[in-house]
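Read through the structure below, which is laid out as structure tokens, and then see the notes.
The values are calculated or read from the model by the stated rules, or taken from the named source; none is laboratory data. Keep in mind it's a predicted model, so treat the numbers as computed, not measured. Here the Cβ positions follow ideal geometry from the backbone for every residue, glycine too, while neighbour counts run over all protein chains shown.
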């Protein structure tokens, strides 16, 4: 049985071997920049075009968007918000109350920000709203947001809609028709860390967050390859990984008394699960899992803390502090699931025994 199980794929994913192999020539023999007119740079253009074509197909774009490569998902989100604010005389920006750090930090800096619960975003849009910025799905709860409803309200009020699709792209089908600006992080589809995409409708001018940068051909080629792989594997993610997630949840709740899957009745992405373990503090449980090479998350970094996200969704504070988010990838196996369950059962049992008479 394996003794390593990575279930934190909403934070970052392992770069695929194909993506790494694809980029290597551009770190050695093909090291030029396409910004120059001579052959050292110009011979890179076909490789750049091929990568962009793969990304366009991955998004399902029928030539509605201008697509640009940037150095990260965070830069993509920041660029989206800058571009929306520059395109309008309005300065009001709405982000969801579970928004990740790039959305919040850029909105705070560039306009008057409102953080609204997902169910209240449509009501928060005013005649002064330039942009609504949110994720297609939450990376820790797995819940898919009602983008169509928010898009309709944006159109009524003349506000732009930015949606980051990092947590749904390559995992299941998503519709981009009503979205003005799309972003995603390359490292969430098995590409490299230094990669992100912004796709902006052609009638909206792109305003770069970093002006004058040259194209990072190696990472763009890697992302193009990863996008091609992700599109090819999307049906498998939708079906097989959803089966693994359901298996994981079923085994966990049967083997561990007073454990509960949150949001299982909501529409969710297929790879993500949020489970509570009564009588156990999630930080202690995460530590125990880490010591046994099982990796999950309780937020932090680009994410808000998981307990904070959950309490905003009316989960009581004690339950929220016992929750852990697990996210799978196309590399997750049934053997991984079995090892994670075995480790979880042991860790929860030990922590509950330690806390008897304390909690």
Next on the checklist: I'd like to know if the range 64-87 contains one or more residues that are more than 29 Å from residue 313 (Cβ to Cβ) and out of contact with any strand residue (DSSP E or B) (no Cβ under 8 Å at 6 or more places or on another chain).
Outcome noted: yes
Checklist entry - If you take the residues in the range 149-174 that are touching a residue at least 60 places away in the same chain (Cβ under 8 Å) and not in a loop (DSSP other than H, G, I, E, B), which one is farthest from residue 93 (Cα to Cα)? => result 164
Item to check | residue 179 vs. criteria assigned to a strand (DSSP E or B), within 17 Å of the chain's Cα centre (by Cα) and either crowded, with 21+ Cβ neighbours inside 10 Å or touching a residue at least 24 places away in the same chain (Cβ under 8 Å) (or both) | outcome: no
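Residue-wise test of (1) surrounded by fewer than 23 Cβ atoms within 10 Å (Cβ to Cβ); (2) under 22 Å from residue 270 (Cα atoms); (3) assigned by TED's automatic domain parsing to the domain that holds residue 260; (4) under 17 Å from the mean Cα position of the chain (by Cα).
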site	(1), (2), (3), (4)
288	yes, no, yes, no
303	yes, yes, yes, yes
307	yes, yes, yes, no
311	yes, no, yes, no
319	yes, no, yes, no
334	yes, yes, yes, no
Next on the checklist: I need a count of the residues in the range 242-253 that are touching a residue at least 24 places away in the same chain (Cβ under 8 Å) and either within 14 Å of residue 344 (Cβ to Cβ) or not assigned by TED's automatic domain parsing to the domain that holds residue 334 (or both).
Outcome noted: 5
Checklist entry - If you take the residues of the range 54-78 that are out of contact with any helix residue (DSSP H, G or I) (no Cβ under 6 Å at 6 or more places or on another chain) and surrounded by 24 or more Cβ atoms within 10 Å (Cβ to Cβ), which of them is farthest from residue 209 (Cα to Cα)? => result 73
Next on the checklist: Considering only the range 291-301, I want to know if a residue exists there that is surrounded by fewer than 17 Cβ atoms within 10 Å (Cβ to Cβ), modelled with pLDDT under 95 and under 24 Å from residue 135 (Cα atoms).
Outcome noted: yes
Item to check | Selected residue [closer than 29 Å to residue 343 by Cα, touching a helix residue (DSSP H, G or I) at 6+ places or on another chain (Cβ under 8 Å) and buried (at least 19 other Cβ atoms within 10 Å of the Cβ)] from 273, 278, 195 | outcome: 273
Checklist entry - Does residue 250 meet the test of being modelled with pLDDT under 95, within 18 Å of residue 328 (Cβ to Cβ) and assigned to a helix (DSSP H, G or I)? => result no
